[in-house]
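The values are calculated or read from the model by the stated rules, or taken from the named source; none is laboratory data. On a predicted model such as this, the values are computed, not experimentally measured, just so you know. Here the Cβ positions follow ideal geometry from the backbone for every residue, glycine too, while neighbour counts run over all protein chains shown.
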Amino acid sequence: MPEYSRDFFLNLDSQDSLAPFRAEFHLPEGLIYLDGNSLGAMPKSAKARALDVVEREWGEDLITSWNKNGWFHLAEKLGDKIAGLIGAGPGEVMACDTTGLNLYKLLSMALDMRPDRKGIVMEGSNFPTDNYMAQGLIGQLGRGHEIRFAEKEGILDAITKDVAVVSLTQVHYKTGHLLDMKAITDKAHAVGALVIWDLCHSAGALPIDLNGCEADFALGCGYKYLNGGPGAPAFIYVAKRHQGQARQPLTGWWSHAAPFAFERDYRPADNIWQTLTGTQPILSLSVLECGLDIMGRADMAELREKSLNLSSYFIDLVEEHCGGYGFTLATPREWDDRGSQVSFTHEHGLAIMQALIADKVVGDFRAPDIVRFGFTPLYTRYVDVWDAVSRLKNIMEQELWRNPEFAKAGAVT
Ligand SMILES: *Cc1c(COP(=O)(O)O)cnc(C)c1O
């Protein structure tokens, strides 16, 4: 292993083509923020945008803003911007609703398109809301669907001819492992199944090629790597060839073929508008656009390379400086097998993370024993990796995590 030093990392920063992006984000002085995989940092432009929407668009222009300030088409406009980040085309993505709601809509559509099949393949260890939503939906449908839970290695074998839908998250929220979108999509299609990709931990974190992989459906978060703000609208993708082929269950008026005809009976739109429900949160959508506009200027290949470099250095440094303290790497080492986060298991993970946060290194803890660090190349510097591990080393050496104040979890970890 090479001899690393703080200067080594400062030097990497001085050569980093993505370094100028950091100035576009507000980051508290002295804080090393390694939790952009959970809540992205605030674009500086968000404040002025929010003020303008509140004061001028809402305050002055009031209802005329639906036309005058483009409110009615905002979900679609932002959807097209997100499309550019995930390998989708114009008219295939909407920015709307929440991740969970979008999964519900897509799963329902996909099951309708495969009426004779009962199987749904999901990863049991996935972020729970995906599984909960699927369980809620099949209970509601009452048509005998069954979820077949598989884990990473077993997924391909679980995709058999009785499967209607494969619904997976591309990058695992705990371990950061990256599934092979192309191989899994191909296998699903070979047996006649459809695929839904949850991109919560991959949109804005790595290059994604939905259309290149011939993905059917996808969805993801606006508030993680896309830096859209707390509770930002999520997004939903339906491949052009499937639009108008199936109904989604939340048949609100914005998904009607002619919302302002105010007809008595429902008629679905036959394009991406069919995925909407009703009036969208315009303040939140407006601020999400700030994050998308920054991300849209970044080169995704450069971003991916920096992300993997940051996370590789972090792994090297933790193993070198904190090797004897009981951390076990939970994230795959291979570049092709991971997203943009690094997780370790540790029996005192909760207390260690709280001690780190008190020392201004913000990551997060996922029960029962995962400490998780997200690497967001637009605003994380190489020197942050060095400094974060230095502080972690100090906490372990001095056993600062044993302080009783770090033993208790807040409502959100
Ligand atoms: C973050 C995340 C969610 C969050 O769902 P919300 O509906 O936004 O609360 C869902 N699924 C996955 C895989 C996630 O990582």
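Which condition number does Thr175 fail, the rest of (1) of a type in the set (Ser, Thr, Tyr); (2) touching an Asp or Glu at 6+ places or on another chain (Cβ under 7 Å); (3) within 16 Å of the ligand (Cβ to nearest atom) being met?
(2)
Consider the range 211-226. How many of its residues are more than 14 Å from the ligand (Cβ to nearest atom) and either surrounded by 24 or more Cβ atoms within 10 Å (Cβ to Cβ) or of a type in the set (Val, Ile, Thr) (or both)?
Taking the range 211-226 and keeping what is more than 14 Å from the ligand (Cβ to nearest atom), we get 211-217.
Retained after the next criterion (residues that are either surrounded by 24 or more Cβ atoms within 10 Å (Cβ to Cβ) or of a type in the set (Val, Ile, Thr) (or both)): 215-217.
Looking only at that region, the number is 3.
Give just the number: which of (1) surrounded by fewer than 23 Cβ atoms within 10 Å (Cβ to Cβ); (2) away from the ligand (no atom under 16 Å from the Cβ); (3) more than 23 Å from Ala330 (Cα to Cα) does Asp180 not satisfy?
(3)
What number of residues within the range 1-37 are part of a helix (DSSP H, G or I), within 20 Å of Trp386 (Cβ to Cβ) and of a type in the set (Asp, Glu)?
Here the count works out to 2.
Give Ser340, Ser284 a once-over and let me know the one that is touching a residue at least 40 places away in the same chain (Cβ under 8 Å) and surrounded by 22 or more Cβ atoms within 10 Å (Cβ to Cβ).
When all the criteria are applied, what remains is Ser340.
Any residue in the range 304-320 that is more than 22 Å from the chain's Cα centre (by Cα) and in a loop (DSSP other than H, G, I, E, B)?
Checked against the condition, which is being more than 22 Å from the chain's Cα centre (by Cα) and in a loop (DSSP other than H, G, I, E, B), the range 304-320 yields no hits at all.
Just to be sure before I move on: is Ala50 of a type in the set (A, V, I, L, M, F, W, C), free of Cβ contacts under 8 Å to residues at least 24 places away in the same chain and away from the ligand (no atom under 16 Å from the Cβ) in the structure I sent? If you could, list the steps in order and put the result at the bottom.
Values: of a type in the set (A, V, I, L, M, F, W, C): yes; free of Cβ contacts under 8 Å to residues at least 24 places away in the same chain: no; away from the ligand (no atom under 16 Å from the Cβ): yes.
For Ala50, the condition - of a type in the set (A, V, I, L, M, F, W, C), free of Cβ contacts under 8 Å to residues at least 24 places away in the same chain and away from the ligand (no atom under 16 Å from the Cβ) - is not met.
Using the structure shown, decide if Tyr266 is buried (at least 17 other Cβ atoms within 10 Å of the Cβ) and modelled with pLDDT of 95 or more.
Here the answer is no, as Tyr266 does not meet what is asked.
Filter the range 79-96 down to residues that are farther than 13 Å from Trp273 by Cα and within 16 Å of the ligand (Cβ to nearest atom) and give me whichever is surrounded by the fewest Cβ atoms within 10 Å (Cβ to Cβ).
Per the criteria, the residue is Ile86.
Looking at Gly231 and the list (1) buried (at least 22 other Cβ atoms within 10 Å of the Cβ); (2) in contact with a Ser or Thr (Cβ under 9 Å, 6 or more places away or on another chain); (3) not β-branched (Val, Ile, Thr), which single condition is not satisfied?
(1)
Being free of Cβ contacts under 8 Å to residues at least 40 places away in the same chain and either closer than 19 Å to Ala75 by Cβ or in contact with a strand residue (DSSP E or B) (Cβ under 6 Å, 6 or more places away or on another chain) (or both) is true for just one of Gly220, Gly252. Which residue is that?
Gly252
May I ask you to verify whether Thr331 is in contact (Cβ under 8 Å) with a residue 24 or more places away in the chain, of a type in the set (Val, Ile, Thr) and assigned by TED's automatic domain parsing to the domain that holds Asp52?
Here the answer is no, as Thr331 does not meet what is asked.
Does at least one position in the range 228-236 carry a residue that is of a type in the set (Phe, Trp, Tyr), within 14 Å of the ligand (Cβ to nearest atom) and closer than 22 Å to Trp335 by Cα?
Checking the range 228-236: not a single residue is of a type in the set (Phe, Trp, Tyr), within 14 Å of the ligand (Cβ to nearest atom) and closer than 22 Å to Trp335 by Cα.
Does Pro377 fit the bill of being within 19 Å of Arg6 (Cα to Cα) and either under 19 Å from the mean Cα position of the chain (by Cα) or surrounded by 22 or more Cβ atoms within 10 Å (Cβ to Cβ) (or both)?
For Pro377, the condition - within 19 Å of Arg6 (Cα to Cα) and either under 19 Å from the mean Cα position of the chain (by Cα) or surrounded by 22 or more Cβ atoms within 10 Å (Cβ to Cβ) (or both) - is met.
Which one of these does Leu392 not meet: (1) in contact with a strand residue (DSSP E or B) (Cβ under 8 Å, 6 or more places away or on another chain); (2) buried (at least 24 other Cβ atoms within 10 Å of the Cβ); (3) within 26 Å of Cys200 (Cα to Cα)?
All conditions are met except number (3).
How many residues does the range 115-130 contain that are in contact with a Phe, Trp or Tyr (Cβ under 8 Å, 6 or more places away or on another chain) and over 19 Å from Asp157 (Cα atoms)?
Count: 1.
Kindly indicate whether Gly142 is small (Gly, Ala, Ser), outside the structural domain of Phe375 (by TED's automatic domain parsing) and without any contact (Cβ under 8 Å) to a residue 12 or more places away in the chain.
For Gly142, the condition - small (Gly, Ala, Ser), outside the structural domain of Phe375 (by TED's automatic domain parsing) and without any contact (Cβ under 8 Å) to a residue 12 or more places away in the chain - is met.
Determine the pairs where a residue that is within 16 Å of Asp209 (Cβ to Cβ), located within the range 166-180, has a partner that is outside any strand (DSSP E or B) and within 10 Å of the ligand (Cβ to nearest atom) with Cβ atoms under 6 Å apart, the partner being 6 or more residues away or on another chain.
Note: pairs meeting the criteria are Gln170/Leu199; Gln170/Ser202; Val171/His201; Val171/Ser202; Leu179/Gln170.
Of the conditions (1) of a type in the set (S, T, N, Q); (2) touching a Lys or Arg at 6+ places or on another chain (Cβ under 6 Å); (3) over 30 Å from Gly323 (Cα atoms), Asn67 clears all except one; give me its number.
Unmet condition: (2).
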